[in-house]
Amino acid sequence: MNIAVILCTFNRASSLSKALDSVAAQVLPESIEWEVILVDNNSTDRTREVTEEYIRKYPGRFRYLFEPQQGLSRARNAGIRQAHTEIVAFMDDDVTVDPAWLQNLTASLYDGEWAGAGGPIRPPEEFQPPDWLSLGGPKDLGGALALLDLGDVPGELKRAPYGTNMAFRRSMFEKYGPFRADLGRSGTSLLSNEDTEFGKRLLSAGEHLRYEASAVVFHPVFPERLSKKYFRTWWFNYGRALILERGPRPPILGIPRPLISISNRALRSLSIQAWRWLFPQNTRHRFYDECQVWMTIGEIAQLFRQSFEPTSVPKEIPSGSLR
């Protein structure tokens, strides 16, 4: 096997077929062997039955794996352990992928120059953002909808890709460890960053990532996510995840580091962001700055929580082994 596509799912049986149809339609050279590992993260609906239909329809293409421990990171790590391949690619259970997606995403990963790759994540063609939502540019809020588009020119990727459209050489997980299980979604939680933390880990170690502009994923934008309340909650949890991602830090002159960080954010970052929010240039800029305020409040909330915890390493930090 050359490539394993890991698709994690939780209670999406009613819409899962659309994603499975699109990945089943991938066109790759005959010399490349590939499979899809569908990781059922403790679903209580018909997810297994839907998957077994595809296993029968496409013999040797799909494999079912049940992961009882809740959490996207745990599901992805379970899939990686079962992927005895050179390359591991990832997609979500609510997206559709272009027929050339997998070939375009992974073609550069065989010679060892690139540790991983990511591609554009676009909304449906008919999608029209509300007048308060800024997509693209310096005030981009697309992360809350898992949207990413860095243009039509391939090249080196200077930032971590998103989990619904990324691939890595499997040796990267063996060398740097799996996804952190204290980050990422679990059930209805909006905690994130398990995917981008891994990408940042590779970049910090000097590895190179590639942007494959032709490896396109289409991500639906659900109506319930097109509300300011959803964005505020997402950015609050994103702030929490940033603090978890960084991990505990030693005290300064006996003063717990979380208390120092809370003061810095409350007196400096939050005041500046609040000022920009109250005196914006336009509607979209105003809501972007409001989201930055909610992100900082999330950081402060997580720091406050850490101030009552004993100093220790973050929970379930990768050990560097998948065994």
Whether region 64-123 is rounded, prolate or oblate, judged on the alpha carbon gyration tensor where a/c under 1.5 counts as rounded: oblate
Cα gyration tensor shape for region 3-223, rounded if a/c is under 1.5, else prolate or oblate: rounded
Global geometry of region 151-197, whether rounded, prolate or oblate, following the gyration tensor of its Cα atoms and the 1.5 cut on a/c: oblate
Fully extended contour minus Cα-Cα distance, from SER14 to GLN69, at 0.36 nm per residue: 17.6 nm
Cα→Cβ-extended label distance, 7 Å offset, between LYS228 and PHE308, nm: 3.1 nm
Under 16 Å from the Cα of LYS139 - lysines, other chains or at least 8 residues apart: LYS228
Under the Karplus curve 6.51 cos²θ - 1.76 cosθ + 1.60, θ = phi - 60°, whole-Hz ³J(HN,Hα) for region 96-105, x wherever Gly or Pro sits: 10, 10, 5, x, 9, 3, 5, 4, 5, 5
Distant-in-sequence amide H partners of ARG210 (H built 1.01 Å from N, under 5 Å): GLY116, ALA117, GLY118, LEU157
J(HN,Hα) series, region 283-293, from Karplus relation 6.51 cos²θ - 1.76 cosθ + 1.60, nearest Hz, glycine and proline x: 4, 5, 5, 4, 6, 4, 5, 5, 4, 5, 4
Distant-in-sequence amide H partners of LEU191 (H built 1.01 Å from N, under 5 Å): SER186
Radius 11 Å from Cβ of SER214, net charge of other residues (Lys, Arg +1; Asp, Glu -1): -3
Label zone at ALA24 (point 7 Å along Cα-to-Cβ), backbone N below 18 Å, region 71-105: 91-102
Distance between modelled label sites at TYR110 and LEU190, nm, 7 Å Cα→Cβ extension: 4.2 nm
Cβ-based exposure ranking for GLU113, GLU52, GLU245, GLU67, in which fewest neighbours within 10 Å come first: GLU113, GLU52, GLU245, GLU67
In sequence order, calculated HN-Hα J values of region 229-238 (Karplus, 6.51, -1.76, 1.60; Hz; x Gly/Pro): 4, 4, 5, 4, 5, 4, 5, 4, 5, 4
SER214-ARG46 pseudo-label distance in nm [points 7 Å out on the Cα-to-Cβ vector]: 3.9 nm
Amide H contacts under 5 Å for PHE62, placed H, 5+ residues apart: VAL36
Extension gain (nm, one decimal) between THR283 and ASP152, 0.36 nm per residue minus Cα-Cα: 44.3 nm
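Values in this text are rule-based calculations from the coordinates and carry no lab data. Everything numeric in this text was worked out from a predicted model, so none of it was measured. Note that we place each Cβ from the backbone using ideal geometry, even for glycine, and neighbour counts take in every protein chain shown.
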